[in-house]
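Written out below as structure tokens is the structure these notes cover.
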Amino acid sequence: MRTVEEIIEQIVGETQKMLLGKERQIRLALSAFLSGSHVLIEDIPGVGKTTLAKTLAHVLGLEYSRVQFTSDLLPSDIIGVNFYNTKEASFEFKKGPAFTQFLLADEINRASSKTQSALLEAMEERQISVDGVRYELPKHFFVIATKNPTEEIGTYELPSSQLDRFSITFSLGYPSYEAEKSILTNKKVISIESLKHLSKDEILYLQEKFLSIHVEDSIIEIIQEILSFTRESGLFKNGLSPRAALSLLDMSKAWSLVSGRDFVIPSDVLEVLPHITYHRLESVGVSKTPQEMIDAILEKIHIDT
């Protein structure tokens with residue numbers, strides 16, 4: 001078995017062949033997968049959101065499905081539906097695209113709240129209930145959802161309950177000058193299918209290593225101090241929830257793993273904190289940007305890195 005570092009570098013290196021100059025975002029998405037959580041990517045069309053999902057799914061060696069969210073999409077189009085089999089004279093369940101290992105929910109905020117909510121149980125409990133019957137989802141179930149800017153026509157706001165199911169959010173942004181020049185001048189076409197992918201044993205090995213990451217009490221105290229500040233400072237409409245606290249801890253552990261360590265340090269918490277809070281915290285009074293809200297937290301929380 002290869003080392004963790006070798007496996008991580010293969011995942012990042014192979015994915016970067018399709019998505020130049022986005023190493024940090026690749027590592028964030030990988031961290032979310034290793035921690036058993038989900039990712040929301042908000043950005044304008046055409047910057048590589050779908051490419052990231054398709055490539056990462058292949059490199060991880062996972063079964064992949066994509067659902068294009070539209071205004072007329074129904075919950076049954078995602079999770080499946082019971083239908084009457086006339087030959088058998090009984091009802092049968094036809095599984096929807098959610099029954100996969102890696103699900104891309106593309107442009108999730110173009111569907112109604114009712115349809116968006118069809119994923120709530122799947123993302124939280126790794127199961128789907130239809131007509132009182134529960135169906136287990138495949139192992140390693142992982143969701144990457146893309147979200148269009150809310151000022152675009154035909155979009156709906158994601159309810160807070162849906163947003164909170166996503167451990168982290170980030171954007172890809174435009175490529176750097178050098179990366180874009182490489183994209184424009186590179187005549188060699190690389191297919192996703194040609195990229196190396198992991199074996200099932202290597203995926204299990206990484207997840208076992210994640211479970212063994214050591215966390216000192218001092219790290220727990222830092223996280224609790226952050227939670228208390230968001231709840232008691234009066235700067236935010238609502239503080240971070242217990243689910244957000246667990247996401248912060250798990251993402252800090254996963255970030256330490258993809259950084260080549262088997263223990264969490266304070267800088268791991270700082271690296272993932274903005275992505276945990278961007279979609280969860282809303283300022284009171286004068287509207288603040290996500291970065292201004294993070295700065296307000298860090299001004300009050302002293303962390304020795």
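Coordinate-derived values only; no laboratory data. Note that the coordinates shown come from a computational prediction; the quantities given were computed from them, not determined experimentally. Virtual Cβ from ideal backbone geometry, glycine too; neighbours counted across all protein chains shown.
Observations, loosely collected:
- When each of Tyr84, Tyr135 is scored by the number of other beta-carbon atoms lying within 10 Å, the sequence from fewest to most is Tyr84, Tyr135.
- Bridging of Lys95 to lysines at a Cα separation below 30 Å is possible for Lys49, Lys54, Lys87, Lys114, Lys139, Lys147, Lys196, Lys200, once same-chain residues fewer than 8 apart are set aside.
- In the range 47-110, GluC sites (Glu not before Pro) in a DSSP loop with at most 16 other beta-carbon atoms within 10 Å: Glu63, Glu88
- Given (1) -0.67, -0.73, -0.99, -1.07; (2) -0.54, -0.65, -1.01, -1.16; (3) -0.59, -0.72, -1.15, -1.30, the label whose value is log10 I(q)/I(0) by the Debye sum over Cα atoms at q = 0.10, 0.11, 0.14, 0.15 Å⁻¹ derived from this model: (3)
- Of the complete DSSP H runs in the chain, none spans 27 angstrom or more by Cα along the long axis with a mean Kyte-Doolittle score not below -0.5.
- R0 of 25 Å, Cβ-Cβ distance Tyr84-Glu63: FRET efficiency to nearest 0.05: 0.30
- Cα centroid separation, the range 7-48 to the range 71-132: 26 Å.
- Packing-based exposure ordering (other Cβ within 10 Å, fewest first) of Phe102, Phe170: Phe170, Phe102
- Comparing mean-square fluctuations of Lys94, Lys253, Lys147 from a GNM of the chain with C-alpha springs under 10 Å, the top value falls on Lys94.
- Computed over the chain, the per-residue total of -39500 (n - 2.57) for DSSP H runs of n ≥ 4 gives a 222 nm mean residue ellipticity of -13000 deg cm²/dmol, rounded to 500.
- Fraction of beta bridges assigned by DSSP in the chain that are antiparallel (%, nearest 5): 40 percent
- Between the beta carbons of Ser76 and Glu157, assuming R0 = 22 Å, the FRET efficiency works out to 0.45 to the nearest 0.05.
- Ordering Ser112, Asn85, Ser287 by Cα displacement along the dipole of the chain toward the positive end leaves Asn85 in first place; charges were set at the Cβ atoms of Lys, Arg (+1) and Asp, Glu (-1).
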